[in-house]
Amino acid sequence: MKLSRLLLGLGATALAFTMHAASAEALDDVVKAGVLKVAVPQDFPPFGSVSADMKPQGLDIDVAALIARKMGVKLELVPVTSTNRVPYLQTKKVDLVISSMGKNPEREKAIDFSEAYAPFYNGVFGPADQKVTSAAELAGKTVGVTRGAVEDLELSKIAPPTATIKRYEDNNGTISAFLSGQVQLVATGNVVAAAILARNPPKKPEPKFLIKNSPCFIGLNKGEPKLQAKVNAILAEVKKDGELNALTVKWLGMPLPSTL
């Protein structure tokens, strides 16, 4: 009886070690397969969208291509939404998430992150006739937000009880709700507001107040130190040689901040 228990214990330990080793060698698996699978947005310009000829385009797509090129492997893009990008990573459908993702304590419990690769901040935006300068002044207002996004999580913490937060499944839904008047205000990222302004709509989203400064990070599974180190080394290289700055200027219309 004691021997069988000992063997079972040793077997469980060996299995745990094997699983950890397999996870830790994720970079080797990518290199061996010759393919890097990356989750990217398809409804979040200028980070990720679909062009008129149905090709993916945006900062995140270009950053994914840059990392795959530096690794010497082919790139496989996997379109995701803000709600399924982490599950896709955890179920090994993708190797990395490059999807304008901010870092917060809850996400850090589930996945690991690279160094920051792009500037991003979240705020509340609305037309000029909405006189709102703080979260407290959202009382009685209706605010649209993309479900599961950083601004959804942060706004839920600071909005007064009488504010109505309407959640939409993707950014297109949130933008459409604002433009069609379903919501008075929208909580989103600065680049999304800029993308709305580029359409020259009758309702222009002016910044009302800052929710959170939230640079973008690349997400990867826990227990993958070699992959994390490789991604960070590539980011450091392209920050130094100006490649990443060129992409930031191209897609965000701003240089890469020196603090990033």
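When the residues of region 186-210 are filtered to those that are farther than 25 Å from Leu247 by Cβ and of a type outside the set (D, E, K, R), the one that is modelled with the lowest pLDDT is Asn200. Tallying residues that are in contact (Cβ under 8 Å) with a residue 12 or more places away in the chain, closer than 30 Å to Pro205 by Cα and either surrounded by fewer than 18 Cβ atoms within 10 Å (Cβ to Cβ) or of a type in the set (Val, Ile, Thr) (or both) within region 71-102 yields 7.
Restricting Leu138, Leu227 to residues that are closer than 30 Å to Lys70 by Cβ, surrounded by 22 or more Cβ atoms within 10 Å (Cβ to Cβ) and either touching an Asp or Glu at 6+ places or on another chain (Cβ under 8 Å) or of a type in the set (A, V, I, L, M, F, W, C) (or both) narrows the list to Leu227.
Conditions (1) free of Cβ contacts under 8 Å to residues at least 12 places away in the same chain; (2) in a loop (DSSP other than H, G, I, E, B); (3) assigned by TED's automatic domain parsing to the domain that holds Ile111; (4) in contact with a Gly (Cβ under 8 Å, 6 or more places away or on another chain), marked per residue:
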| position | (1), (2), (3), (4) |
| --- | --- |
| Leu155 | no, no, no, no |
| Thr162 | no, yes, no, yes |
| Gly173 | no, no, no, no |
| Ser176 | yes, no, no, no |
| Pro201 | no, yes, no, no |
| Gln228 | no, no, yes, no |
| Val231 | no, no, yes, no |
| Pro257 | no, yes, no, no |
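Within the bounds of region 159-166, is there any residue that is under 30 Å from Leu256 (Cα atoms) and out of contact with any Pro (no Cβ under 6 Å at 6 or more places or on another chain)? For region 159-166, residues under 30 Å from Leu256 (Cα atoms) and out of contact with any Pro (no Cβ under 6 Å at 6 or more places or on another chain): absent.
Scanning region 233-255 for residues that are among the small types (Gly, Ala, Ser), part of a helix (DSSP H, G or I) and more than 21 Å from Leu27 (Cβ to Cβ) gives a single hit, Ala246. Ala193 meets all of the listed conditions (1) surrounded by fewer than 17 Cβ atoms within 10 Å (Cβ to Cβ); (2) outside any loop (DSSP other than H, G, I, E, B) but one, namely (1). Of all residues in region 116-132, exactly one satisfies the criterion of being surrounded by fewer than 16 Cβ atoms within 10 Å (Cβ to Cβ) and either within 30 Å of Gly223 (Cβ to Cβ) or hydrophobic (A, V, I, L, M, F, W, C) (or both), namely Ala128.
In region 151-185, of all residues being β-branched (Val, Ile, Thr) and in contact with a strand residue (DSSP E or B) (Cβ under 8 Å, 6 or more places away or on another chain), the one that is surrounded by the most Cβ atoms within 10 Å (Cβ to Cβ) corresponds to Thr174. For region 34-65, residues that are more than 17 Å from the chain's Cα centre (by Cα) and modelled with pLDDT of 95 or more total 3.
Scanning region 212-260 for residues that are among the β-branched types (Val, Ile, Thr) and under 16 Å from the mean Cα position of the chain (by Cα) returns Ile218, Val231, Thr248.
The values are calculated or read from the model by the stated rules, or taken from the named source; none is laboratory data. Note that the coordinates shown come from a computational prediction; the quantities given were computed from them, not determined experimentally. Note that we place each Cβ from the backbone using ideal geometry, even for glycine, and neighbour counts take in every protein chain shown.
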